Structures are given as C-alpha cells and as structure tokens.
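The values are calculated or read from the model by the stated rules, or taken from the named source; none is laboratory data. Note that this is a predicted model, so its numbers are computed, not measured. Methodologically, a virtual Cβ is constructed for each residue, glycine included, from the backbone with ideal geometry; neighbour enumeration extends over all protein chains shown. The accessibility values were calculated without ligands, DNA or RNA, using every heavy atom of the protein model including side chains. Shrake-Rupley method; radii C 1.70, N 1.55, O 1.52, S 1.80 Å.
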Amino acid sequence: MEEVDVEPTTTPIPGIDFTQKHLGFVWGPGDILVYETKYGATGAASVDQGCPFVHVVRKDEDIYSPILRKLFNESHHIFVGLQKIKEDVPSKNKKSQFVSISKNYRSVIRACMEELQQVAVSTRDATLATQYGNQVSILLAVELIWNLCEVLFIEAAPAGALQLHLLDWVRLHKADVDEKAREVLQSESPAEHPAYWDVAISYVLQGRTDEARQVLVKQASLQPAARLMFKLLDSLLMKMPVYNPGGNQTLTEFDVKWRHWREECDRCLQDNSFASNRHLEAICKILVGDEDTLLEYKELLGTWYHFLVTRLLYSHPTVKPTELHYYAQSSMDMFLETRSGPEPLDSILLAAFEFDIHQVIKDCSIALNNWWFVAHLTDLLDHCKLLQSHNLHFGSNLREFLLLEYGAGLFTHHSLWQLAVGYFDHCPEFGRVYLELQIERVPLDSERKALKVLRICEERQMAEQVRSICKIMAKRALRNDRLGSALSWSIRAKDAAFATLISERFLQDYCTPAPSYREFHKLYGDKRFVEAATLLLSLMTAKIAPQSFWMTLLTDALPLLEQKQVIFSADQTYELMHCLEELTAGKTIPNTDHPMQDEDVEVTKVELLRLALARNLAQAIVKEGTVDG
C-alpha cells in the first residue's frame, strides 16, 4: 500500500471521546456516519451509557454554500464548452481557445470571491464572517495558483514575454498598492503622507514606472534643492526598456539595450548621485536589482514570489522558462530565511515554477478541501496535451479519476447531482459505470424529480435504471392510492403483471366494467393489438367507462400508438382525439386534491398523448391513402 504524504488531520467530534470508547463508522458516498460503540479502549464492553447520537462527518462542506454553488454551476458550463473543442482544430487556434477558457474559469472564481467578501463584511454573525473569510482566502490561493499555471503551462510564454506575464500575475494579486495610492494622492498634502514613500517604492517594485514617476513629482515640487536628483531618477525610470513581444525588436536587441540602461543606473550609484536622499538611492538600488535592498522591503513585497518577479525584472528580464526553478528556489530561501518550512501554497507555487504539473495537482489535492480545482485544471491541461504520459496504475487516467471523484461528490447534493451527469458523460472509461451506480442513489422525492432522473436515463439508454425508477414510483403511487399514476408508471416500466394488478384494483375501486378491461389486457398480452385497440376505444365511445377512467384508458393507448405498424385507423384516431379534448376541456383550475407536481405530470401526459395521436393520424392517413390508391 502506498504511504500517505502527510499525516491526516484529526477531526474532533462533540460528545465522543475516542480515547475511552471505540468508534464505529459506515462509509457513505460523500460522508461518513460515526457512532460510539459500547467497547472501551481495552476492548472490554462497558456498562456506561454512551453517546446517543450518530454523527455525519463530511469532507466537502463547500457544496452546501449558496455562493459557491454558483461557482459549480458556472464552471460546469465552461467545462462542457471545453469538451466541444474539436481535435482537428489547428494547435495555434486551440491555444488561444484554451487561454480564453482558462480566463473564464478565473473570472468565475473572482466573481464568487468578491461576493463572499461582500457577504463577510455585511454579516453580523461572527462565525459566518469567519467562515466566509476562510473561503475567500482559499479562493484567493486557488486563483493565484490557476493564474500561474495559465502563464507557465497554457500560455507557455517564451523568454521576454514570460517576464511580462509574471508581472501581470503579481500585480493582479497585490492590488492593495492602488488602494494605498488613492489614499495618499487624495490627501491634502500627498508628499507629506506617512505612506508616500511606501507607495512610490511599491510601484517601482511592481515595475510600474509611469505611476512611480507621477508620485515622485509630488515630492520634487516640495524640495527645490533636490530637483536635479528627482529629475535624474525620473530620467532613469522613463528610459527603462520594456520588451514588446509584438514589436520589431528582437530579444537580443532588447537585452543589449537593457544592459546599457542598467549600467547607467549603476554609474549613478557609483557617483553617489542620490547619496543625500536615502529613498531615491534605495529606488536606484532596486533598479539595478540589488538583492539586499529588495529584502529590506519585505513588508511591501509581502511574498517570496513577488520578490522573485521583482528580482527577475531588475536583474534578468529575459529569463527562460527552464531557468525559473533556480530563481524560484533561491528567492524562496532568501525571503523565508529561518522559517520552519514552506506553507502548502509555497510548495505548490514552487512545483509550478519547476514545471512539475503532477506535483502541483498532487499538492493541491492534499491542501484543498474539495476536488473542484484539481478536476477542472487537470481537464484543461489534459486538453492542452500536457498530461498524456501520466496514467494511474488502477486503469483510469488522472483526468478521469479526478472528474469522477468530483462528480461523485456533487451527487451527494440535492440539486447539484444534475451537474455531475455532465462530468460522467465525458469520462469514457468509467463514467457510464459511475452514473449507473450513482443515479440509483438519487432520492426520488417527487414525481417531478423522478421524471428528471428518468429523462437522463432514457437519453443514455439505461434500460435497467429506467425500469427500476418506474417500478419504485409505481409502488409508491399504489401505496398512496394514486392508481392512475401507478398504472402509468407500471406501463412505462413494461411490467405487465404489476400493471394488470393495478388495473384490477382500479376497476374494483371505480366500478368500471372489469370484464371488458381485463379482456383488453388479455388481448394486449396476446399481441392481438387491433382487437385490443377496438375494445379500448369502445369503452370510451360507448360510455361504458366513466370519464374519470378515460385518462387511464388513453394512457393504455400510448403503447399501441407507438407501435411500428398502424393499429388505430384514421377514424379511430379522430375519436381518440375527441375523447382527449372532451376530457381536458375546461380543466384550467388546478386540482386541490393533489400537489402541483401531480398537475405537471398530468400536463406532460396530455402533451405526450397529443403528440402520439398526431403522429398516428398522419401515418394512418398515409397508409389508408396508399391502400385506396
């Protein structure tokens, strides 16, 4: 058995002391039922009264969050769209599509994150505020990782462009600089604001030289004596070369130009041009990539990966993807110093910088509390042909395994189970098996829900599940004395014996001429369809059966109408149509004896009958016209 990578966390259960009593448990599809047994720690039975409760322990609580439910719904649409990208599309066009899909996933994450932040601020419940705050932190980390994977794996930016993408990545996830800048610039005297130099230096650390120059102008106007120094630094910031991937300049030409600019910055430091102003001198040292100076501004950088990107910007802007892992490891070591060890997020980002996709997925699976992130990211990377070499020892590939696990989790939710069907549909190896097993566990709380499940099964030719659902609903309707519904479900299940039983019960209860109705079922069972159809029609047209029984008789006519050969003639079909219209005429007021879901089922039956009758009429007219001709 493979060893676990990390020690599993202990989940305390209120009222249960596992050091004193043994625990019993039962696995469920998405949770565990835990209970206290009568056996003590030594194995002997105890006479003490134990905990009387059975506890439900869930791994994934996120699916029960109304806001995060939007994340699951929206991402499902993106996932389905991704599966429709054709294999024969040129790879160049595919890349832009994959990048666009990745950004769509990130926009959904960000939208949920912003909504959670608003709710966390507005709620008065401290526990809820903490819960929402934790979810925001998780989504922040998720988007950070996803964005980096997009840059490194999906965009696969080459040297030069890579640095620009990494700068955008850092700026997006370090947005507090702009908030602080607004506060400073809107004050009465921005240059004298306590956070003024923090803002100016933060802009430089993010490579935002234009914004830094605008902020520095405020200070220059207050210090006429230092105007030359400010002008010199302004010139250096303005001259800083920025690589343009779409321009005419080659990477080599940019590198030469950048080195000349850096030498000019270095000369200014050697000449002590900024010696009289420690802030300007610090900015100039940042421009030449002085690591000690950068580390002095740890608080402004905030993270080792911000330090990494700034360090690369001012010391190696043409860094190649293959060189990233060296700079990433050394930057993390320098920034974290004597800390006990990297956090899970640090390890995941480092694995990404090392281009170890499988380690990223593995670490995320351990660190995050559900399969949403790894399932969708892995699926996207698999479409990018980045996971082709990685199959699991038990048969399925990594993509399918994660999608199946995610889908199985969704199936435990009362409404999200419908999304899981779409994921199973796109798992070619085991998706069908999972769906057959999971669909049988969906509680059929109402006929509306049963019809949804039934439609899913029928669309996928799951005959066994269709029969099982119909039988369950037929028996439930029979127990509730809803004989018409029970008969309809039993016919749909193609259970002749049960349908006959219900029919006899129906006839007994409603005093309908039993012999004629039994004779109809006998003729139907003997496959004497034409005679059965004539008898069925006569029960209505001759007013032998009460009108309250007509819907059952019309429902019995459906299998005959759907036969390959035409059973009912055109005249007989017209008579059936007349009976149906007579039955439904004036029925606009809902029946208060039955819930709304029953009304919906009746409407569905009428629509099905009308469709079947119209189709049969057309076939009968064609057949009779052909015979006459």
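Any chance you could look up the accessible area of SER415 with a 1.4 Å probe, heavy atoms only, rounded to 10 Å²?
40
Sort 531-542, 615-626 by the packing proxy (mean of other Cβ within 10 Å over each peptide's residues), most packed first. Numbers along the way, then the final one.
Values: 531-542: 18.8, 615-626: 14.9.
So the order, starting with the most tightly packed, is 531-542, 615-626.
Add +1 for every Lys or Arg and -1 for every Asp or Glu among the other residues with Cβ under 15 Å from the Cβ of LYS218, and state the total.
Neighbourhood net charge equals -2.
Could you rank HIS165, HIS414 by how accessible they are, 1.4 Å probe, largest area first?
My answer, sorted largest first, is HIS414, HIS165.
Can you work out the base-10 log of I(q)/I(0) for the chain at q = 0.06, 0.07, 0.09, 0.12 1/Å, using the Debye formula on its C-alpha atoms alone?
The calculated log intensity ratios at q = 0.06, 0.07, 0.09, 0.12 Å⁻¹ are -0.56, -0.69, -0.92, -1.25.
Taking the Cα centre of region 377-469 as origin, work out the dipole magnitude from +1 charges on Lys and Arg Cβ and -1 charges on Asp and Glu Cβ, in debye rounded to 20.
Details: 10 positive and 13 negative charges, 32 e Å.
For region 377-469, the charge dipole is close to 160 debye.
With every protein chain kept in the model, how would you rank MET577, MET551 by accessible area, 1.4 Å probe, largest at the top?
The most accessible residue leads, giving MET577, MET551.
Just the number, please: carbon plus sulfur as a percent of the accessible area of the chain, 1.4 Å probe, no ligands or DNA/RNA counted.
53
Could you order THR11, THR378 by accessible surface area, starting with the largest, using a probe radius of 1.4 Å?
So the residues, ranked largest to smallest area, are THR11, THR378.
From the helices alone, meaning DSSP H stretches of at least four residues, give me the mean residue ellipticity at 222 nm for the chain, per-run term -39500 (n - 2.57), in deg cm²/dmol to the nearest 500. Mind showing how you got there, number by number?
Details: 29 runs with 400 residues, N = 629.
Taken over the chain, the calculation gives -20500 deg cm²/dmol.
At 1.4 Å probe radius, can you tell me the per residue accessible area of the chain in Å²?
The answer is 53 Å² per residue.
In Å, what Rg and Dmax follow from the Cα atoms of region 281-343?
Rg then Dmax for region 281-343, in Å: 11.6, 34.
Give, as a single signed number, the net charge of other residues whose beta carbon lies under 13 Å from the beta carbon of LEU162, with Lys and Arg counted +1 and Asp and Glu -1.
Within the 13 Å Cβ shell, the charges total -3.
Roughly what percent of Cα-Cα pairs across region 170-319 reach past 24 Å?
Within region 170-319, distances greater than 24 Å cover 32 percent of Cα pairs.
If you count only protein heavy atoms and use a 1.4 Å probe, how large is the accessible surface of PHE355, to the nearest 10 Å²?
80
What figure in square angstrom, to the nearest 10, would you give for the accessible area of ARG213 with a 1.4 Å probe?
Taking all protein chains as shown, ARG213 has close to 60 Å².
For the pairs LYS475/LYS605; LYS527/LYS605; LYS174/LYS298; LYS94/LYS174, flag any whose C-alpha to C-alpha distance is greater than 22 Å.
LYS527/LYS605; LYS94/LYS174
Report, ordered by chain and residue number, the aspartates and glutamates lying within cross-link reach of LYS218, taken as a straight Cα distance under 20 Å and ignoring same-chain residues fewer than 8 apart.
ASP178, GLU179, GLU183, GLU188, GLU192, ASP198, ASP210, ASP234, GLU281
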